[in-house]
Every structure is written in structure tokens, then in C-alpha cells.
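The values are calculated or read from the model by the stated rules, or taken from the named source; none is laboratory data. Since the model is a prediction, treat every value here as computed from it, not as a measurement. Here the Cβ is made from the backbone with ideal geometry for all residues, glycine too, and neighbour counts use every protein chain on show. Note: areas computed on protein heavy atoms with side chains; ligands, DNA, RNA excluded. Shrake-Rupley method; radii C 1.70, N 1.55, O 1.52, S 1.80 Å.
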Amino acid sequence: MPKLHCKPCPAAGFFALAKFALMTLALGTLALMTLALMTTLSLPAAAQNAPIPPPPATPGVSSTGPTSNTNSAPHTRSNADDQSQDQSVETLKVNVEVVQLFFNVKDKHGALIPNLNKDNFDLFEDGQLQTIKYFKAESDLPLTLGILLDTSGSQLRVLDMEKEVGGSFLESTLRPKDEAFVISFGTDIELLQDFTSSVSRLRHALNDAKMNSGGVSCSGGPIGPQGPIPCPSTGPRGTALYDAVYLASHDELAHEVGRKAMILLTDGEDEGSRLKIKDAIEAAQKADAICYVLLIADRGFYGFGGFHGDFEMKKLTQETGGRVIEVGNKIEKLRQAFDQISQELRSQYNAGYVPTNTMRDGSFRKVEIKPKQGDYKIQARSGYYATPRHED
């Protein structure tokens with residue numbers, strides 16, 4: 001189930017104030033006068049000796065979407081400060097909204113290209129050239145990852161293969177600061193394991209995934225009558241793929257910061273989702289999540305017509321900065337696909353810029369990053385939503 005965050009209850013504070021008031025009333029008039037006199041005499045000394053609070057720490061850039069970086073203490077920049085700034089800084093000491101863009105660069109043969117810098121690229125938002133404030137290769141930045149496992153009837157003969165290779169991928173890819181979760185989807189959607197850095201728990205969750213092609217159940221699980229997705233009691237439902245992407249984005253990844261990605265192991269065929277592919281794409285974009293799809297299909301299941309899930313999956317991955325990798329039902333191809341994703345996630349560039357359009361009107365902003373020279377292919381999300389700042 002999605003995590004619930006408890007806020008500290010203010011009741012204890014009110015009880016403490018009441019107790020203090022009663023104690024104060026119990027004092028005699030003489031004691032109160034004496035206390036007031038002592039306080040008056042001690043104020044000048046206290047004011048002179050009061051420690052100066054340290055300046056607040058400068059917040060870092062913590063999201064792939066627009067991030068508020070407000071330094072509440074006044075700060076006068078010196079020439080030395082300006083000279084010390086370079087493209088490798090990870091925090092910005094200004095009051096701005098920062099957009100981060102994680103992307104891969106490949107040659108015409110699909111091989112990853114390392115060792116580039118910001119001078120190799122131009123970055124545009126809605127066609128307007130932007131100034132890249134910092135640029136860095138982020139091979140070790142913590143990763144938040146979602147594994148979405150198709151457990152509908154079409155996956156019966158490939159599910160065990162997915163569990164085995166998926167577990168090996170997590171073991172080889174996740175590092176101590178990374179976290180992942182596991183969701184299965186078929187007729188219903190089930191959160192098998194919430195965020196954890198424990199590979200053993202994630203493996204256990206994958207192994208617990210069972211075929212899910214029975215009747216509709218709206219009473220339990222992450223999606224219910226009170227959830228974000230309507231759940232009527234009638235209508236066909238076989239593979240709630242789009243709903244699963246929405247849930248993973250909206251209820252899980254949207255609350256996290258930094259690098260975020262999800263990997264779907266599916267044939268791409270949706271049947272009975274309450275939402276459409278455009279809703280799934282929008283949720284993933286708002287969560288700043290890169291989507292990869294490992295297109296796994298048991299050809300014998302579909303008969304003469306074959307399957308057609310690749311078209312919608314290509315839209316999902318292209319809009320979010322991932323890609324579709326066709327696997328079929330071959331375990332070696334699945335291993336190779338996971339290896340490719342692991343390399344891409346550990347070979348990303350991170351470009352940060354302050355948009356010239358400062359409006360937070362919730363609109364979608366198209367982002368393009370282009371090489372100045374060279375026949376490079378850039379794999380990046382198509383844009384972001386300029387959502388309003390949430391005040392604490």
C-alpha cells in the first residue's frame with residue numbers, strides 16, 4: 001500500500017502551555033513582581049550575549065522537475081564566489097526555479113557516448129534557447145526504481161523467466177543509496193513491495209507475483225473506490241497496464257526526488273484500464289519518471305493476429321526519455337535488455353537550467369537538447385509540467 005506520512009500531533013504542545021499557565025497562576029504576586037524585575041534587568045545582557053544563529057543551509061536541486069531553491073538569508077556574492085562557480089556544482093545559491101534534465105547520448109550505432117560537457121549542447125524550452133547553469137555526468141546519483149510486472153494470462157509461460165532475470169538485474173544494479181518497489185498488474189493491481197533498498201525483499205516480492213486474470217476486485221489494493229482511479233463494478237478488465245503506470249507514477253514516484261525510472265515487463269496490451277494511455281504518460285511526466293518497456297510476448301498465445309502493444313508503449317517511452325526493447329520469450333534477450341537499461345541509467349548526463357518563462361501555470365513545456373556538432377542521438381524526456389510551487 002502507498003506509504004502514509006504521519007505529522008507530529010500538536011496536542012502535546014497545547015497541554016504543556018496549559019500546565020505552564022496553571023503553574024504561573026499559582027505563584028504569589030510578590031514572586032511575579034520579582035520575576036518581572038529580574039527579567040527586566042537581565043534583558044540587556046542577554047541581548048548582548050545571545051548567540052547569532054547560523055545561516056540556513058542552501059537547499060540543493062532535488063528534482064527532475066522545476067525545483068524551488070530559495071536562500072532566505074541575504075547573501076552578497078563576491079568576485080571570488082563567482083570565480084569558484086563551475087559546471088560541476090550540485091547546488092545553486094540563488095532564488096530560482098531549476099529544471100533538471102537527465103539524458104543519454106548515443107552514436108549512430110546506439111553506443112553510449114561519455115565525456116561530453118555543456119558546451120557540446122544547446123537546450124531549448126518551447127523553442128527558446130536556455131542557459132545551462134550546470135552540467136554533470138551522474139553515474140552515481142541515487143536512483144529510485146519501479147518494477148512493473150505483467151501477471152495477466154498472456155504472460156503465463158514467461159512469468160518465471162521475468163522473475164529470475166528481474167531479480168538478477170536488481171541485484172547487479174541497485175546500490176546502497178538506491179530504492180525500488182515492485183507492482184504486479186493483471187485484472188487487479190497489487191503493490192508487492194513498497195520502497196526498499198533490500199534486494200532480498202525485492203526478490204521475494206517478484207517471486208510472490210502470481211497470475212492475475214480473475215474477476216474484478218475494487219475493495220482492496222492501492223486502487224479502490226476512494227482512490228485516484230474510478231473503479232466501477234462492471235466492464236471487462238484483463239490487463240490494467242495504463243492504470244498501473246498511473247499508480248506507480250502518481251502514488252509512488254511523484255513523492256520522490258532525484259533520478260526516477262520504471263521498468264515495465266509486459267506485452268504492451270492493455271485491456272480494461274479505467275484510464276487512457278495519455279493519462280499514464282501525463283502522470284509519468286509529472287512524476288519526472290523515465291519509462292522503459294521490455295516487450296515480452298509468448299507468440300503462441302496470440303494466434304494468427306499477433307499482438308499490437310508496441311505502438312502505445314513507444315509513445316510512453318519516447319515522451320518520458322526511455323525506450324522499448326523487444327524481448328519476445330527469449331531469456332538471453334531479456335538479460336541483454338536489462339544490461340542495456342542498467343548501463344543507460346548509470347551513464348546519464350544531468351543538465352540544469354533556470355527557465356526564462358517563470359510562470360507556474362501548470363502548462364506543459366517542451367524541452368529539447370541538441371548537439372552542436374556530431375551525429376549524436378539524444379534520449380531524453382519531451383518536457384515537463386510547470387506545476388505551482390507548494391508552500392509549506
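Against the definition (open to solvent by 70 Å² or more (accessible area, probe 1.4 Å) and either without any contact (Cβ under 8 Å) to a residue 40 or more places away in the chain or over 24 Å from the mean Cα position of the chain (by Cα) (or both)), how does Gln343 come out, yes or no?
Details: open to solvent by 70 Å² or more (accessible area, probe 1.4 Å): yes; either without any contact (Cβ under 8 Å) to a residue 40 or more places away in the chain or over 24 Å from the mean Cα position of the chain (by Cα) (or both): no.
So Gln343 fails the test.
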Return yes or no: is Thr387 of a type outside the set (D, E, K, R), at pLDDT 95 or above and part of a loop (DSSP other than H, G, I, E, B)?
no
Every residue from segment 150-189 that is surrounded by fewer than 24 Cβ atoms within 10 Å (Cβ to Cβ), in contact with a strand residue (DSSP E or B) (Cβ under 6 Å, 6 or more places away or on another chain) and among the charged types (D, E, K, R)
Glu162, Asp178, Glu179
Is at least one residue of segment 211-219 on the phi < 0 side of the Ramachandran plot, open to solvent by 70 Å² or more (accessible area, probe 1.4 Å), at pLDDT 95 or above and more than 17 Å from the chain's Cα centre (by Cα)?
no
Residues in segment 246-274 that are crowded, with 21+ Cβ neighbours inside 10 Å, out of contact with any Cys (no Cβ under 6 Å at 6 or more places or on another chain) and either in a helix (DSSP H, G or I) or of a type in the set (A, V, I, L, M) (or both) total 12
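Test Ala380 against the criterion of being outside any helix (DSSP H, G or I), closer than 28 Å to Phe121 by Cβ and either under 16 Å from the mean Cα position of the chain (by Cα) or modelled with pLDDT under 95 (or both), and give yes or no. Spell out the reasoning first.
Numbers: outside any helix (DSSP H, G or I): yes; closer than 28 Å to Phe121 by Cβ: yes; either under 16 Å from the mean Cα position of the chain (by Cα) or modelled with pLDDT under 95 (or both): yes.
Considered against the rule, which asks whether it is outside any helix (DSSP H, G or I), closer than 28 Å to Phe121 by Cβ and either under 16 Å from the mean Cα position of the chain (by Cα) or modelled with pLDDT under 95 (or both), Ala380 comes out as yes.
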Go through (1) closer than 18 Å to Leu149 by Cα; (2) in a loop (DSSP other than H, G, I, E, B); (3) of a type in the set (A, V, I, L, M, F, W, C) for Met359 and report which single condition fails.
(1)
Residues in segment 194-210 that are open to solvent by 40 Å² or more (accessible area, probe 1.4 Å) and in a strand (DSSP E or B): how many?
0
Since Ala337 meets every condition but one in (1) in a helix (DSSP H, G or I); (2) within 21 Å of the chain's Cα centre (by Cα), which condition does it not meet?
(2)
